[in-house]
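Before any comments, here is the structure.
The values are calculated or read from the model by the stated rules, or taken from the named source; none is laboratory data. Only a predicted model underlies this, so the values are computations on that prediction, with no experimental measurement involved. Cβ placement follows ideal geometry from the backbone for every residue including glycine, while neighbour counts extend to all protein chains displayed.
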Amino acid sequence: MFDVLSKGFKSARLALTGKTELTEANLAPALREVRTSLIQADVELGVIKRFLARVQERSLGDIVPLKGPTGQKVKVTPQDWFIKACYDELVELMGPVDASLGLDGQPAVIMMVGLQGSGKTTTTGKLAKRLLAEGRKPLLVAADIYRPAAVDQLRTVGRKVGVPVFSIKGMKPVQLSKLAMTQARNVGRDVVIIDTAGRLAIDDSLMQEVVEIKSAVQPDNILFVVDAMIGQDAVRTAAEFDRRLDFTGFVLTKLDGDARGGAALSIKEVTGKPVKFLGRGEALDQLEEFRPEGLAQRILGFGDIVGLMQDFEKHVDHAEAEKSTEKMLQGRFTYADFVKQLTMVRKMGPLKELMARMPGISGMMDMIPQEALDDAELDRTMAIIGSMTNQERAEPDLLSNQPGRLRRVAQGCGRTIDDVRALHNRFLQARQMMKGFGDLMGNPTALAQAQRMMQGGGGFGGMPGMGGMPGFPPMGGDAPARPSLTRDEKLAKRKARKAKKKARKKNRR
Amino acid sequence: MEDEQTVQTSMEVESPAADQELPVAWLGGGLGVLVLAVVLVVAARGRGRAQSAAPLLEQTEAPSGVDVEAPGPPTAGLAGRLREALGRSRGALQARFDELFGRAIDDSMFEELEETLLAADAGLPTTERILAPLREQARQGEADPSVLRGELRRTILQLLESSHRPLEPRPDLWVVLVVGVNGSGKTTTIGKLAARLVSEGRRVLLAAGDTYRAAAAEQLEVWAERSGADIVRHNEGADPGAVVYDALEAAAARGHDVVIIDTAGRLQTRKPLMDQLSKVRRVISKKVPDGPHETLLVVDGTMGQNAMSQARQFNEATPLTGVVVTKLDGTAKGGMVLGLAAELALPVKLIGIGEQVDDLRDFEPAAFVEALC
């Protein structure tokens, strides 16, 4: 997702290399690169024009501050300044975020509308699951009486989530929705989610129907569900739905594909309504909240460390991960640790997707061979490790000291001995690399140091073998930028503390 | 004593910071593992086991070498119905072309022409390819806009015809595999296609190969009933390969001469799901050695540039013989039809222009161009 946009911004950045100031003339090629990528990402043309005009204005109009808040000199290159302007405008384009739902009604009503095949029913299920987890009691209403078996689909979804589905054969959606309200009150359900039929914005009679449902049930929320892969038409369709229904927000679906996300940028700009959720995958718990800053950073190739962290929170066992970080930095990392960690991390999505969200790495995605990010290849790698004994996994050195083991592992996983050896050598190298990284920071406080390195925006910049990476522009994003102490300052602080301790001991005597 | 206290307070000041440091400590583990994973995978790859992706054009160009029958004059009915269905916005598109070609030829005209095509989802490479001959003519001093408009039509028509191959049902057993992303309209397309074939006197069997989505088989069942086709279905969660196998057995036993296979919607980036398609193919070719005779990709007409990615990646997973573009009656303008032809040389075989059963039409380049510009 957003690869196309990222590339465009990267070329734009390149187009400004070596420029000492930003002028309308030297900005033009950069803007053209951005325009091309926005078009390829399906952002609506009108939106593109306005966006570029604002970026230009911001880039040229602002005075580049040469001093930071604390008075130190800040060096801002025109490149960084331009990217900062893009970032600010992107965030503006997508934000503000308001993922809240109006749930005060008795019962609260959420109405799902959208084109055919946009993912309304699946999203309805996901939403129900989410509300259920929040302690609400949803009732689903099968108001799609047109598409064959649509009611069955919702029933199946309802069964999976464990939420009742209300439907009456042959009843018109308007009347059905009204009855559903009564039903919800009678059986004590406090949120009614109405799954309406897919319809084209130009289909007058069907559009009239949703308008009637709206006035009949007075929904607290109307969510416009839209396929993230939609093209230039996104804006017109969304605007028409909005004109008729004044929807409260929209949901972007199928983001697990390689949608370029242009719709996300366009719809917000044109309707002024917020993105409420993002849908990925068919599993019913894959409904995410939308974070414009994270998306903007990803688009600009800076990764999305906050989003990644939120995901880690959900999927990764903190204590375990901390232990393995320590082991990694001390060069005691084993295959077993690797498997354990990776299994947790992989729950968060495909390798490529995860890497794209890592600051630093995401900027150099092009340099990493595509195959390296192939999950299937990783599966094969895991299979090799799977053919090792527990002892070997816990003590990788066994494989180095007793090469005969390599043959057995190779036989176990059906690979050649060279494959296994290559993997093992690579593992040792990587382990050494990690250890080097740890030594670099001084082991006792390695963890704290690692933290500062990352928060300083450096990411894995200093990691040997991974090459350099684009620096962060000074952006007011949500990556918590804490003033970092230099190594010397840290040492000085430690010294002071020690001196104090000594003095205390003296006093006791 | 006093000192003790100072130390105590200073500790307290530090501790919240220490708490905050924790998340990144374990985060580092996660990130490190990712980097390590990539490093190890590179190692595995380094052994030179590069898999060659099936080259796309090789497969699609071969058929286009087959002599394409010159399409006769478009039936007025289709062009008319198309224009009506594509109606509202399509009319707007034509009005836009009317206006543009009513002006003097200059840079701003070309710029707006470009934007008009882009706004129709034709995509940047295709738009440039279409406009190149026009620009060339203008450069050579052509000053008559109507000549340029003629050139535009000619260029587009040529583009579409060069890859065009109509859907031609084989008289004996004809196996059609239908694939696409979620919500593109596969099942509806199959229903309409079945209805049409049944009305032509074919004995049609539908295979409910979408065993994943809730109630997909029920949906197909309704269509089977409506169209007068038979259906083979298993329960939700069954192996699609098994459904296909049973369907082909049943077709042989009961004398069906058309088998249309529905598959679950899958996003083109989902590797395991795409691999599953090759398995379905293998099952087919075991029972019907030269099958499937058609592999149709169903693409939602409102999609943008992602349609190209869909076509490209599905074609890699299971060689396509053609594309069905659905929902062209929305406000969508279906510029992707041009993109599919220009960038991938994939023929559009059918288009869906409405909800009615007979709104699934054969794609005719001439009629399309006439309705477009």
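Working only within the range B:152-186, note down all residues that are of a type in the set (V, I, T) and either outside any helix (DSSP H, G or I) or assigned by TED's automatic domain parsing to the domain that holds B:K349 (or both). Once the filter is applied, which keeps residues that are of a type in the set (V, I, T) and either outside any helix (DSSP H, G or I) or assigned by TED's automatic domain parsing to the domain that holds B:K349 (or both), the range B:152-186 yields B:V175, B:V176, B:V178, B:V179, B:V181.
Within the range A:379-392, can you find the residues that are within 14 Å of another protein chain (Cβ to nearest Cβ) and out of contact with any Leu (no Cβ under 6 Å at 6 or more places or on another chain)?
Pass one, the range A:379-392, residues within 14 Å of another protein chain (Cβ to nearest Cβ): A:379-388.
A:D379, A:R380, A:M382, A:A383, A:I385, A:G386, A:S387, A:M388 - these are the residues of the range A:379-392 that are within 14 Å of another protein chain (Cβ to nearest Cβ) and out of contact with any Leu (no Cβ under 6 Å at 6 or more places or on another chain).
Selection within the range B:356-373: residues that are over 21 Å from B:A95 (Cα atoms) and in contact (Cβ under 8 Å) with a residue 24 or more places away in the chain. The member of this set that is surrounded by the fewest Cβ atoms within 10 Å (Cβ to Cβ) is B:D358. Residues in the range B:224-282 that are within 14 Å of chain A (Cβ to nearest Cβ), outside any helix (DSSP H, G or I) and farther than 28 Å from A:E377 by Cβ: B:A229, B:I231, B:R233, B:N235, B:E236, B:G237, B:D262.
Name every residue in the range B:201-219 that is in contact (Cβ under 8 Å) with a residue 24 or more places away in the chain and either more than 8 Å from chain A (Cβ to nearest Cβ) or farther than 25 Å from B:L267 by Cβ (or both), in order of residue number. Answer for the range B:201-219, where residues must be in contact (Cβ under 8 Å) with a residue 24 or more places away in the chain and either more than 8 Å from chain A (Cβ to nearest Cβ) or farther than 25 Å from B:L267 by Cβ (or both): B:R202, B:R203, B:V204, B:L205, B:L206, B:A207, B:A208, B:G209, B:D210, B:T211. Quick one: is A:A184 within 14 Å of chain B (Cβ to nearest Cβ), closer than 28 Å to A:E282 by Cβ and not polar (S, T, N, Q)? For A:A184, the condition - within 14 Å of chain B (Cβ to nearest Cβ), closer than 28 Å to A:E282 by Cβ and not polar (S, T, N, Q) - is not met.
Just so you know, in the range A:417-430 the residues that are in contact with a helix residue (DSSP H, G or I) (Cβ under 6 Å, 6 or more places away or on another chain) and without any contact (Cβ under 8 Å) to a residue 12 or more places away in the chain include one that is surrounded by the fewest Cβ atoms within 10 Å (Cβ to Cβ), and it is A:I417. Pairs linking a residue in the range B:101-123 that is under 18 Å from A:K49 (Cα atoms) to a residue that is of a type in the set (K, R), with Cβ atoms under 7 Å and 6 or more positions apart or on different chains, are B:M109/B:R103; B:F110/B:R135; B:T116/B:R96; B:A120/B:K333; B:D121/B:K333.
Would you check which residues across the range A:193-207 are of a type in the set (A, V, I, L, M), in a helix (DSSP H, G or I) and within 12 Å of chain B (Cβ to nearest Cβ) and list them?
Selection gives A:L206 alone.
Each residue in the range A:402-416 was checked for being loosely packed, with under 15 Cβ neighbours inside 10 Å and of a type in the set (G, A, S), and 2 of them qualify. The set of residues in the range B:287-311 that are more than 13 Å from chain A (Cβ to nearest Cβ) and either touching a residue at least 12 places away in the same chain (Cβ under 8 Å) or touching a strand residue (DSSP E or B) at 6+ places or on another chain (Cβ under 7 Å) (or both) comprises B:K287, B:V288, B:G291, B:P292, B:H293, B:E294, B:T295, B:L296, B:L297.
One line per residue, one yes/no per condition, for (1) at pLDDT below 65; (2) more than 10 Å from every other protein chain (Cβ to nearest Cβ); (3) surrounded by fewer than 24 Cβ atoms within 10 Å (Cβ to Cβ):
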| residue | (1), (2), (3) |
| --- | --- |
| A:L300 | no, yes, no |
| A:D304 | yes, yes, no |
| A:E322 | no, no, yes |
| A:T334 | no, yes, yes |
| A:T343 | no, no, yes |
| A:L351 | no, no, yes |
| A:D366 | yes, yes, yes |
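Note on the range A:245-285: residues that are more than 14 Å from chain B (Cβ to nearest Cβ) and polar (S, T, N, Q) amount to 2. Residues that are among the hydrophobic types (A, V, I, L, M, F, W, C), within 13 Å of the chain's Cα centre (by Cα) and more than 23 Å from B:Q356 (Cβ to Cβ) were ranked within the range B:159-191; the one that is surrounded by the fewest Cβ atoms within 10 Å (Cβ to Cβ) is B:V179.
If you check B:V337 against the conditions, is it under 24 Å from A:E240 (Cβ atoms), assigned to a helix (DSSP H, G or I), in contact (Cβ under 8 Å) with a residue 12 or more places away in the chain and not aromatic (F, W, Y)? Yes; evaluated as a whole, the condition is true for this residue. In the set (1) under 27 Å from the mean Cα position of the chain (by Cα); (2) in a loop (DSSP other than H, G, I, E, B); (3) over 23 Å from A:V235 (Cβ atoms), the condition left unmet by B:A122 is number (3). Scanning the range A:215-234 for residues that are part of a helix (DSSP H, G or I), more than 10 Å from chain B (Cβ to nearest Cβ) and touching a helix residue (DSSP H, G or I) at 6+ places or on another chain (Cβ under 6 Å) turns up A:A216, A:V217.
Residues are listed down the side, and each one gets a yes or a no for (1) closer than 30 Å to A:V34 by Cβ; (2) among the small types (G, A, S):
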position	(1), (2)
A:T77	yes, no
A:I83	yes, no
A:Y87	yes, no
A:S100	no, yes
A:P107	no, no
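Remark: A:V163 matches the filter, which requires a residue to be crowded, with 21+ Cβ neighbours inside 10 Å, within 14 Å of chain B (Cβ to nearest Cβ) and assigned to a loop (DSSP other than H, G, I, E, B).
Identify, from the list A:K160, A:K178, the residue that is over 25 Å from A:T237 (Cα atoms), without any contact (Cβ under 8 Å) to a residue 40 or more places away in the chain and of a type in the set (K, R).
A:K178
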